[in-house]
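For reference, the structure is listed below as structure tokens.
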Number of protein chains: 2
Amino acid sequence: MAIETFKAVSRKLPEGLAVESEVRGFKIILDEPKELGGTDKGMNPVEALLCAFGSCQSIVAAAFAKAKGINLQGFWVELEGDIDLDGFMGKADVRPGFQEIRFKMHIKTDSPKEKVEEFVKFIEKTCPVGDSIANEVKLVLTDTIIE
Amino acid sequence: MAIETFKAVSRKLPEGLAVESEVRGFKIILDEPKELGGTDKGMNPVEALLCAFGSCQSIVAAAFAKAKGINLQGFWVELEGDIDLDGFMGKADVRPGFQEIRFKMHIKTDSPKEKVEEFVKFIEKTCPVGDSIANEVKLVLTDTIIE
């Protein structure tokens, strides 16, 4: 077992819906576009989730290409996912989150097709963010602190 | 039904493991720290997932406080989650993603405690990123393009 615990803090900014998150000194501001009630200071959380997923696949590809015998000259992913906003708005009894996420991998390589297809399956299986979205993760509210 | 489709593109940068993602002109670079093989140009994808989750809760809190009768003067979330890196490294047959994510909500308000506790339950239930992590999402690889 090599359990590692990753941490983050998210803090609502004083105005509007924008939120600043911090991890090890790195910061990101997420917000909503105007049509969803925000001031568009950054991408929104569900878009950030897509970025985390696409980045994770890209990092798995880059980290394991050599060991898997793939000459990786380039890698990019297009992602899209559907949400029924009626769920979030409480207007319908549907899940508030993603119903489906589709993605398309672009791989620049001169390695044989069969080897690349095997590598793609490896990426899908190994990606930590992909696993965290595709399968259930236990979410535990440990405390609510009223200040 | 009010289906909205959100989109992102993630592209591996020429050197190392770093990846740049783009959504509607907003960009974020994710990488790995040196001990995980990267060059530490940004937070990593699983940390970005935590930020997306904490930000999503914060946005739900901010967006719905008034309608739920909560005088929300401040809101922040601490998050942490465990991953067994042996899964990612293929050294053990464990899931590569999060095994558990714990979070602690901080709410600055003078609203009554019972009302706040009800509001916390509402946030947990309504958060789109939380639902996407807690429950299964269908991931579909629509195409692999070898370039």
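Among the residues examined, B:Phe98 qualifies as surrounded by 22 or more Cβ atoms within 10 Å (Cβ to Cβ) and not charged (D, E, K, R). Considering only residues that are part of a strand (DSSP E or B) and within 8 Å of another protein chain (Cβ to nearest Cβ), which ones fall in segment B:11-21? Within segment B:11-21, B:Arg11, B:Lys12, B:Val19, B:Ser21 qualify. Can you work out which of the residues in segment B:82-105 that are assigned to a strand (DSSP E or B) and among the basic types (Lys, Arg) is farthest from the chain's Cα centre (by Cα)? Of everything passing the filter in segment B:82-105, B:Lys104 is farthest from the chain's Cα centre (by Cα). For segment A:101-122, the set of residues classified as of a type in the set (Phe, Trp, Tyr) and either buried (at least 20 other Cβ atoms within 10 Å of the Cβ) or not assigned by TED's automatic domain parsing to the domain that holds A:Leu49 (or both) consists of A:Phe103, A:Phe119, listed by residue number. If you go through segment B:34-92 and pick out every residue that is in contact with a Leu (Cβ under 9 Å, 6 or more places away or on another chain) and either of a type in the set (Ser, Thr, Tyr) or surrounded by fewer than 16 Cβ atoms within 10 Å (Cβ to Cβ) (or both), you end up with 7.
Among the residues of segment A:22-74, those identified as among the charged types (D, E, K, R), more than 7 Å from chain B (Cβ to nearest Cβ) and either in a helix (DSSP H, G or I) or farther than 20 Å from A:Val116 by Cβ (or both) are A:Glu22, A:Lys27, A:Asp31, A:Lys34, A:Glu35, A:Asp40, A:Lys41.
On inspection, B:Lys108 passes the criterion of being touching a residue at least 24 places away in the same chain (Cβ under 8 Å), assigned to a strand (DSSP E or B) and either at negative phi or in contact with a strand residue (DSSP E or B) (Cβ under 7 Å, 6 or more places away or on another chain) (or both). Restricting attention to segment B:76-116, the residues that are more than 30 Å from A:Thr126 (Cβ to Cβ) and at the interface with chain A (Cβ under 7 Å from one of its Cβ atoms) add up to 9. Against the list (1) exposed (fewer than 15 other Cβ atoms within 10 Å of the Cβ); (2) modelled with pLDDT of 95 or more, the condition B:Asp31 fails is (1).
The values are calculated or read from the model by the stated rules, or taken from the named source; none is laboratory data. Keep in mind it's a predicted model, so treat the numbers as computed, not measured. For neighbour counting, all protein chains shown are included, and Cβ atoms are generated from backbone atoms with ideal geometry for every residue, glycine included.
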